[in-house]
Amino acid sequence: QVQLVESGGGLVQAGGSLRLSCAASRSIFSMSSMGWYRQGPGKQRELVAAISANGRISYSDSVKGRFTISRDSAKNTVVLQMDSLKPEDTAVYYCNAKEGILYYWGQGTQVTVSS
């Protein structure tokens, strides 16, 4: 079992930046993949960005070039740097970790982008 705690959400104007952090309660060395998902009002949860244990990174087309995901195994954290934010980025952002056949989720952090 592992607990994931997100932080860094908030309210920002369009064009601004936020940095989300996901802290794991134990080592993430065994996590084959970690990532960020989001769920906007009335929408399904969608993948935003993911990073594998060997550093392979993927982004959704909607955030490519604006968001950057990174993983620090020494600090057991995954960070999502979000730049050039748009109102359509407004959502609850969730940290996700995959370990073997198990998936773990954080409680989520709200990101609101005003126009």
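What follows draws every value from the coordinates through simple rules; no lab data is involved. Keep in mind it's a predicted model, so treat the numbers as computed, not measured. Neighbour counts run over all protein chains shown; Cβ positions are idealised from the backbone, glycine included.
Annotations
- Positive-end extreme of charge dipole, the chain - chosen from Met31, Trp105, Thr68 (charges on Cβ): Met31
- Antiparallel content of DSSP bridges confined to the chain, in %, to 5: 90
- Cα centre as origin, Lys/Arg/Asp/Glu Cβ charges: the chain dipole, Debye: 140
- Karplus-derived 3J(HN,Hα), 6.51/-1.76/1.60, for each residue of the range 23-30, Hz, glycine and proline x: 9, 9, 6, 8, 4, 9, 4, 8
- Annotation: amide H of Ile28 within the under-5 Å range of Asn76, sequence separation 5 or more or interchain, hydrogens built in the peptide plane.
- Backbone HN-Hα couplings from phi across the range 99-109 [Karplus 6.51/-1.76/1.60, Hz, Gly and Pro as x]: 10, x, 9, 9, 10, 10, 10, x, 7, x, 9
- The phi-based Karplus calculation (6.51 cos²θ - 1.76 cosθ + 1.60; θ = phi - 60°) puts the 3J(HN,Hα) values of the range 42-49 at x, 10, 7, 5, 9, 6, 9, 7 Hz, whole numbers, x for Gly and Pro.
- Distant-in-sequence amide H partners of Gly16 (H built 1.01 Å from N, under 5 Å): Leu85
- Per-selection Rg to Rh, the chain - Cα, Kirkwood hydrodynamic radius: 0.95
- A P(r) calculated from all alpha carbon pairs of the range 5-57, with 5 Å bins opening at zero, reads 4, 14, 19, 26, 20, 10, 6, 1 percent.
- Cα principal axis extents for the range 62-109, largest first, Å: 34, 21, 17
- Pairs of Lys in the chain closer than 20 Å at Cα, counting only those 8 or more apart or on different chains: 4
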